Every structure is written in C-alpha cells, then in structure tokens.
Amino acid sequence: MSMPPSNAVPHDGKEPSLEPLSLFEGPLSNRVYLSIKRAILSLAFRPGEALRKQEICAALGVSRSPVSDALTRLAGEGLVRIVPQAGSYVARFSMAEIREGAFLREALELAAVEYLAPRITDAEIARLNRIVVVQQALLDSGDREGFYEQDAAMHAMMMGFTGFRRLASLAETAWVQVDRARRLVLPAPGRVEATLDEHRAIVAAIAARDPEAARAALRTHLRQLLTYLEPLEREVPELFDSESPTG
C-alpha cells in the first residue's frame, strides 16, 4: 500500500476553506474545480495539506465524482499530488518550478509589452490607468486581496490588448506555481506599495509608447518577486519539496 508523504501537513479538523459554488460559472465540475483551485492558490489549503474528499464534498454540497475529477485536473496542473491508496495532498512548492514559471512568464510578457507599446490606443491606456487608480484605492483601504486581483487583471489586460487570444492563458499556465508562492510575500512590509509604483512605471512607459522603457519597467517588476521568493525555501522549508532541485 502506498503511504502518504512523510512530511504531510496533518489535518486540523476544521471545515475546508472553500468558497461557495455560486461564485463561479459553468458546469458543476468546473465550479468545483475553480473553488478548490482558488483555495489552493490563496493558501487556504496549505502546501502539503491532505485534501479529504468527504469533507470537500460536504463543504460544497456535491458528490465525490466532481471532486475526484477536480483533483485529477489539479494534479495535471501540478497543484495537487495524488498518492495511490493513500490520498490527495496539496503539492508543495518547488523552487525549480517557480524559477521556470517566472522565466516563461517574463519571456511572454516582455514580448507582449514590446509589441503593445507602439500600437496601444488611447482608450486602452485609459483602462490601464483606471486599474492603477483602483489599486491605489484598495491599498488605501487595506484590501490586499482586492489589490492582488487587480494586479492579475492588469497583467491579463496588457496581454489581451495585443490581440493574441492564447497569450494570457499561456502566461497563466506558466505562472501558476509563482502565483501561489507570491501569496507568501504580499504581507512583506512595503511590498504592495512598491508593486503599485512598479505598475505606474509600466503603464507610464506603455502610455508613452516606448517599447524599450516598457520592457525595462516590466522586467524590474517581475524580477522583484523572485528576490522575495528565493529566501523562502530556507525560511519555511516545510512548504517546499525537499526533493526539488534548488539550482
């Protein structure tokens, strides 16, 4: 019989931290998948934690079938580890995967802003500026989760403005492990404020229709995140895969 990971995080007996299915759209199986995925990405389900199907079913009011399908799908994305005859666990972080994801996302986004800057319309610039204004308001109100959502929206918007339909989804797939790990650094003092300044610089360069300045501002922004993530493997080793190469 397969055994659970030796460093699995024990279950604490609390109800699973899952958002209701009514917040999501699409077929039942997709809504179950999105609810569990959001809990993993938000760290409501911690890396290494056991995912108990019965409790997830009870929390969402569904049968085992859509939960099993969701966990299989999430395993394919590298967010869940399924151990035969032992159970399912939230995948631990891997610095190798984080570095690879950051590399791929940077390559895609730098190409996107270089392409976008000479072609962006005034209306699109106005939409980017509105996001920055909203982020400032969220920062002022202390809504870090809202700020995080607008951060993701801004990056997706820039890539969407290129007109290349698959670009945003490719970047999201590449970024998924970094996206989860970055939740650990958002509470770092001054990081949210610095992120907003970096966003302003990116938008200003794009608005000036300066491809090189846009690339430079975006590169600085994306690489700042890794400077915060790199030390985490030493600071919270229990959240990382001990078998992962550290490079």
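Pick from region 37-46 the residues that are in a helix (DSSP H, G or I) and in contact (Cβ under 8 Å) with a residue 40 or more places away in the chain: which of them is surrounded by the fewest Cβ atoms within 10 Å (Cβ to Cβ)? Lay out the reasoning, then the answer.
The initial filter retains those residues of region 37-46 that are in a helix (DSSP H, G or I), namely 37-41.
Narrowing the set further to residues that are in contact (Cβ under 8 Å) with a residue 40 or more places away in the chain leaves 37, 40-41.
Numbers: Lys37: 20, Ile40: 21, Leu41: 17.
Checking each candidate, the answer is Leu41.
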- Message: Suppose we filter region 69-103 for residues that are in a helix (DSSP H, G or I) and surrounded by fewer than 16 Cβ atoms within 10 Å (Cβ to Cβ); how many remain?
- Response: 7
- Hits in region 196-216 (condition: buried (at least 19 other Cβ atoms within 10 Å of the Cβ) and under 19 Å from Asp143 (Cβ atoms)): His199
- Note on the structure: Among Arg183, Arg166, Arg119, Arg144, the single one that is surrounded by fewer than 18 Cβ atoms within 10 Å (Cβ to Cβ), under 20 Å from the mean Cα position of the chain (by Cα), farther than 27 Å from Thr227 by Cα and not β-branched (Val, Ile, Thr) is Arg166
- Task: Kindly provide the set of residues from region 47-68 that are part of a helix (DSSP H, G or I) and of a type in the set (Ser, Thr, Tyr), ordered by number.
- Result: Ser65, Ser68
- Pairs only if they're at least six apart or on different chains, beta carbon under 9 angstrom, first in region 209-224 and in contact (Cβ under 8 Å) with a residue 12 or more places away in the chain and within 18 Å of Met159 (Cβ to Cβ), second crowded, with 16+ Cβ neighbours inside 10 Å and among the polar types (S, T, N, Q); list them, first residue then second. His221/Thr195
- Query: If you take the residues in region 217-234 that are aliphatic (A, V, I, L, M) and under 11 Å from Glu106 (Cα atoms), which one is surrounded by the fewest Cβ atoms within 10 Å (Cβ to Cβ)?
  - Reply: Leu222
- So which of Asp140, Asp179 is outside the structural domain of Leu79 (by TED's automatic domain parsing) and either without any contact (Cβ under 8 Å) to a residue 12 or more places away in the chain or touching a Ser or Thr at 6+ places or on another chain (Cβ under 8 Å) (or both)? Asp140
- What number goes with the only condition from (1) among the acidic types (Asp, Glu); (2) over 29 Å from Tyr115 (Cβ atoms); (3) buried (at least 17 other Cβ atoms within 10 Å of the Cβ) that Asp151 does not pass? (2)
- Message: Residue under question is Ala188, and the condition is that it be surrounded by fewer than 16 Cβ atoms within 10 Å (Cβ to Cβ) and among the aliphatic types (A, V, I, L, M); does it hold?
- Response: yes
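State whether the residues of region 126-136 include one that is assigned to a helix (DSSP H, G or I), modelled with pLDDT of 95 or more and either more than 23 Å from the chain's Cα centre (by Cα) or not assigned by TED's automatic domain parsing to the domain that holds Trp175 (or both).
To start, the set of residues in region 126-136 that are assigned to a helix (DSSP H, G or I) comprises 126-136.
Now narrow it down to the ones that are modelled with pLDDT of 95 or more: 126-136.
From the residues that got through so far, the ones that are either more than 23 Å from the chain's Cα centre (by Cα) or not assigned by TED's automatic domain parsing to the domain that holds Trp175 (or both) too are 126.
Checked against the condition, which is being assigned to a helix (DSSP H, G or I), modelled with pLDDT of 95 or more and either more than 23 Å from the chain's Cα centre (by Cα) or not assigned by TED's automatic domain parsing to the domain that holds Trp175 (or both), region 126-136 yields at least one hit.
The values are calculated or read from the model by the stated rules, or taken from the named source; none is laboratory data. Only a predicted model underlies this, so the values are computations on that prediction, with no experimental measurement involved. Note: ideal-geometry Cβ built from the backbone for every residue, glycine included; neighbour counts use all protein chains shown.
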